[in-house]
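Take a look at the structure below.
The values are calculated or read from the model by the stated rules, or taken from the named source; none is laboratory data. Please read all numbers here as calculations on a predicted model, not as lab measurements. A quick note on method: Cβ atoms are made from the backbone with ideal geometry, for glycine too, and the neighbour counts reach across all protein chains shown.
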Amino acid sequence: MGRPQFQYSAKDANSRTITGVIDAPDRAEAIATLASRGTFVTEIHAADSDDASGAGELTFQGLRFWRKGIPAKARAAMLRQVAVALESGLPLLTALRVVKEQADSAAIATLAGELADAVQTGQSLSEAMHDQSDHFSELETSMVRVGESAGVLDTVMTSLADFADRDVEVRQKLASASMYPLIVLALGVVSIVIILTFILPKILEPVRDTIDVLPWPTRMLMGISDLLTSPAGWFLLVVVVAAVASLMQWIGTPSGRLALDRFKLWLPVLGPAVRRVAVARFARSLGTLTQAGVPIVEAMHVIRGTLGNEVLSGHLDKVTAEITGGQSIAAPLRETGQFPPLLIQVIDMGERTGKLDSLLMRTADVYDRETAAALQRVMTLIPIVFILGLAVVVAFILAAVLLAVMSISAGVGV
């Protein structure tokens, strides 16, 4: 079966109406693709719809998402739609109303509608976004506020949409990098538990009476199997679950989050990838904010919450304090020892030449590519490590069983 087709009407950069048909997996993807081409969708519906007049009807597929769980991809598409609408010459309030009408999810429609209502009552867009802090970061609110002051809101919204698209791309790569290893680990653990709990006891039951003369690997394996199938095993499971719950609760505290982030940076393979992601976010965030005209000190305060690592954010606080005291960015950043030399050299050159924003954006592209390569290495290496570990465990189980058989055979032969 081919991909779904959608008929659309849209306005191009010159406000001319264009119509056509586009292939896309769903309505949201079709709108996002058209927006990336510089067109603003005014009407769209499935090409095979029985009722073309129902083009403006909303399916609200996003009802499956919680209010606070708007998918990042959908939110990025909304920012892109607003940006294209403003570039097409539509007033802000009209742009928000149209985005609400074209929304493919109830959550996005509600969010756009609330922003429009706030703007209609006299609030600025940045104030309305600040009131929706569950959905918009401080970085986005600060950029919009500067764009409103400078009269370049359409340009700023385009930069925001670009930033959001790139952030979604990085998050998807991170999710892909972590999902497969976790699946492999979970399947391996479940398989081993099933072997030890159900299969192994039946295999070793005939030799249980001779346990005193069995090799130590077999005795150890039988002890583990007996523990898992006894009341003590259930008690141990409860203890483990309680310990994991306590650990998760501690990780939610500032000290726990700091310890976890420090551990992430320490990991041999994952650590460099985590650092590259944070550095790329830092470079792109600082470049985007300075490009929008946000003062450096304010930009550094805003960026702190975008790094995703409390260790690096703590070092950034020290850098911000030095900048507030009159220092440049590069010197205190170098003193932290946490940021790569290339980034520091680029910032130093950007400060000297006055091209900090453009140089940072190019550097962010470099680190994005390095991040993609690092994540690919992680995706390749971690499953291999897990599989090798599981292979060692399975080999130990087989060896224990074979040693038991050989021991019994030797005893019979005697």
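For LEU93, the stated conditions do not hold, so it cannot be described as assigned to a helix (DSSP H, G or I), modelled with pLDDT of 85 or more and under 22 Å from THR288 (Cβ atoms). Filtering THR380, THR371, THR324 for residues that are among the β-branched types (Val, Ile, Thr), at pLDDT 85 or above and either out of contact with any Phe, Trp or Tyr (no Cβ under 9 Å at 6 or more places or on another chain) or not assigned by TED's automatic domain parsing to the domain that holds ARG275 (or both) leaves a single hit, THR324. Given GLY354, GLY350, which one is free of Cβ contacts under 8 Å to residues at least 60 places away in the same chain and on the phi > 0 side of the Ramachandran plot? Step by step, each of GLY354, GLY350 is checked, and only GLY354 is free of Cβ contacts under 8 Å to residues at least 60 places away in the same chain and on the phi > 0 side of the Ramachandran plot. The helices (runs of 4 or more DSSP H) falling completely within segment 207-304 that include 2 or more residues that are among the aromatic types (Phe, Trp, Tyr) and at pLDDT 80 or above map to 231-251, 254-266.
Kindly indicate which of LEU360, LEU343 is in contact with a Gly (Cβ under 7 Å, 6 or more places away or on another chain) and assigned by TED's automatic domain parsing to the domain that holds ARG275. Before the answer, list the steps.
Values: LEU343 fails: in contact with a Gly (Cβ under 7 Å, 6 or more places away or on another chain).
Of the residues listed, the single one that is in contact with a Gly (Cβ under 7 Å, 6 or more places away or on another chain) and assigned by TED's automatic domain parsing to the domain that holds ARG275 is LEU360.
Residue-by-condition table, conditions (1) in contact with a Ser or Thr (Cβ under 9 Å, 6 or more places away or on another chain); (2) among the basic types (Lys, Arg):
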site: SER230; (1), (2): no, no
site: VAL240; (1), (2): no, no
site: ARG262; (1), (2): no, yes
site: PRO272; (1), (2): no, no
site: ARG275; (1), (2): no, yes
site: SER285; (1), (2): yes, no
site: ILE303; (1), (2): yes, no
site: LEU312; (1), (2): yes, no
site: LEU333; (1), (2): no, no
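Counting only residues that are out of contact with any helix residue (DSSP H, G or I) (no Cβ under 7 Å at 6 or more places or on another chain) and more than 20 Å from ARG145 (Cα to Cα), which one in segment 76-124 is surrounded by the fewest Cβ atoms within 10 Å (Cβ to Cβ)? It comes out as THR110.
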